[in-house]
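Notes to accompany the following structure.
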Amino acid sequence: MTALAFGFLNGCGGEPGSDSASGDRPTGSAGTSGGNRGPRMPWVYSPLGLPPEPVPNPSTAGKTDLGRLLFHDPILSGDHATACVTCHSQYWGMGDGLAFGIGVGGTGPSGIGRRGPTTTRRNVPSLWNVAYRTALFWDGRVPSLERQVEVPLLDARELGADSDKVMRELAENATYRALFAAAFPESPLVSQENLARAIATFVRTIISNDAPYDRYARGDDKALSEPEIRGMFLFGELGCASCHAPPLFGADRYDTVRLQGEPAPPSSANGDDLGRFEITGDESDRFAFRVPQLRNLRETGPYFHDGRAPTMKEALGEMAAATSSRAVTEDELALMTEFVGKGLMDKAHVPERPLSVPSGLPVPADGFTIRR
């Protein structure tokens, strides 16, 4: 799965759209907890809630359990060593910590120590909150998680699988046959369609919707620190929420990213990447990429479709410089980094990694990381 990382995009200098800001916008230290110094929020709060489910594929415990095992099982890959979790690891923010992912044929654990000949074209996305999306990948090429699952399965740079071979191996495994039958009693087949439905159901459990921001908005004055609250108001003041709209802090829209005065988007390791234009053929989509959601952003770097920003603060700084209607100071950038990096963090639903999988193959290992 390739696509999704980070960017405040062109057009973010205006007023927030969904969950729009209240008219009484604070100044100075207004908006901080304790006292009557201004409103507590720079916009009207609404909870994120649970993601929608497609009618043809309602969630069940059986599908989730099967999807979790398939997600971690290298039986889905051409080299029987790579799995979905290789590029979407719990230890790397449901991404992989690399500018570009390394799929089949790679060596070493997931993360920054991995090496290999097959690299993804774009930065690997985090899976946090993809369940809320109506289109997936950086260019929005597929409309559902069920459709998305099949893309990396067959991509030679990712899992590089032979579909017929994978289905045959799964069907020959007694444990998987029983799990498929339990998950899909109406059609108990080991099939690519049911495989995609099971993994999609599992991925819909990877959500972040109860961060300190949400608890503060519900009335817990201690949930956010003073710097985080100030950063939240700056986020609203600078118009960031017009693209990264609460409560998801994202949007199903596509925009170009460029610094002021630049005639074209910043250079990319993939200079031929035309973004959404490759899907639509519309000139307005040339170099446009999907606006990502910012919850749990701190652990999902490096950032942008080409992974060019190694840290969240650098990414925030680049986008503030590109989109803000005024200069943003280092102190203000630090405050917004506090809000996004801490106030929007919630890992309550990080998926559990199985110790073993039905194929008997080793579950891919993870490298070591230090969070700052």
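The values are calculated or read from the model by the stated rules, or taken from the named source; none is laboratory data. All figures in this text were calculated on a predicted structure; none of them were measured in a lab. Because the Cβ atoms are built from the backbone with ideal geometry, glycine has one as well, and the counts that use them run over all protein chains shown.
Worth a mention:
- If the condition is being within 16 Å of Asn296 (Cα to Cα) and in a loop (DSSP other than H, G, I, E, B), then the stretch 224-257 contributes Leu224, His244, Pro246, Pro247, Leu248, Phe249, Ala251.
- Number of the condition not met by Ser359 [criteria: (1) in contact with a helix residue (DSSP H, G or I) (Cβ under 6 Å, 6 or more places away or on another chain); (2) under 24 Å from Ala245 (Cβ atoms); (3) among the polar types (S, T, N, Q); (4) not in a helix (DSSP H, G or I)]: (2)
- Qualifying residue in the stretch 321-328 (condition: out of contact with any Lys or Arg (no Cβ under 6 Å at 6 or more places or on another chain), assigned to a helix (DSSP H, G or I) and surrounded by fewer than 18 Cβ atoms within 10 Å (Cβ to Cβ)): yes
- Looking only at the stretch 102-136, residues that are among the aromatic types (Phe, Trp, Tyr) and more than 24 Å from Glu53 (Cα to Cα) come to 0 in all.
- Of the listed requirements (1) part of a helix (DSSP H, G or I); (2) hydroxyl-bearing (Ser, Thr, Tyr); (3) at pLDDT 95 or above, Ser59 misses just one: (1).
Rundown of residues vs (1) modelled with pLDDT of 95 or more; (2) part of a helix (DSSP H, G or I); (3) under 23 Å from the mean Cα position of the chain (by Cα), yes/no style:
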residue: Glu262; (1), (2), (3): no, no, no
residue: Pro265; (1), (2), (3): no, no, yes
residue: Asp273; (1), (2), (3): no, no, yes
residue: Glu332; (1), (2), (3): yes, yes, no
residue: Leu335; (1), (2), (3): yes, yes, yes
residue: Phe339; (1), (2), (3): yes, yes, yes
residue: Met345; (1), (2), (3): yes, no, yes
